[in-house]
Amino acid sequence: EERKGIEIFQKKNIELISDEITFDCRRIQGKVSFGSKVNHPKIKTDIDGRIKQAQCDCSHFRYHKLVQGPCRHIVALSLIGGR
C-alpha cells in the first residue's frame with residue numbers, strides 16, 4: 001500500500017479538496033484517481049504533523065481500518081499534505 005501511495009503521489013493522481021488548519025489540528029481531504037476508481041481519503045493531524053485520525057472509502061480501509069497500516073489513498077494524501 002505504501003509503494004502504491006507513493007506512486008499515486010508521484011503521478012499527481014491526487015487532488016486536494018480542502019486543507020483546514022485550526023489551533024490544535026489540520027484536516028485534509030482529497031480525491032484520488034487510481035486506475036478507473038476514485039476514492040476520497042481524509043486525515044487529521046496534530047500540530048506536529050502526526051496523523052491522529054484517517055478515513056477512506058476504499059475496500060482496504062473498510063476491511064482493515066488502520067490495523068494493517070494506511071491504505072494507498074491515505075498515504076498519497078499524507079504526502080501531498082506534507083508539502
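Has segment 35-50 got at least one residue that is closer than 10 Å to His73 by Cβ and among the small types (Gly, Ala, Ser)? No, the conditions are met nowhere in segment 35-50. Please go through segment 18-33 and give me each residue that is over 14 Å from Cys56 (Cα atoms) and not small (Gly, Ala, Ser), ordered by number. Across segment 18-33, the qualifying residues are Asp19, Glu20, Ile21, Thr22, Phe23, Asp24, Cys25, Arg26.
Do you know which of the residues in segment 7-23 that are acidic (Asp, Glu) and touching a strand residue (DSSP E or B) at 6+ places or on another chain (Cβ under 7 Å) is farthest from Ala76 (Cα to Cα)?
Among those that are acidic (Asp, Glu) and touching a strand residue (DSSP E or B) at 6+ places or on another chain (Cβ under 7 Å), it is Glu20.
Among the residues of segment 16-75, those identified as hydrophobic (A, V, I, L, M, F, W, C) and more than 19 Å from Glu1 (Cα to Cα) are Leu16, Ile17, Ile21, Phe23, Cys25, Ile28, Ile47. Select from segment 61-80 the residues that are touching a Ser or Thr at 6+ places or on another chain (Cβ under 9 Å) and farther than 10 Å from Phe9 by Cα and list them in ascending order. Residues satisfying the conditions are Pro70, Cys71.
Values in this text are rule-based calculations from the coordinates and carry no lab data. The structure displayed is predicted, hence computed values, not measured ones. In this analysis, Cβ positions are derived from the backbone assuming ideal geometry, glycine residues included, and neighbour counts consider all displayed protein chains.
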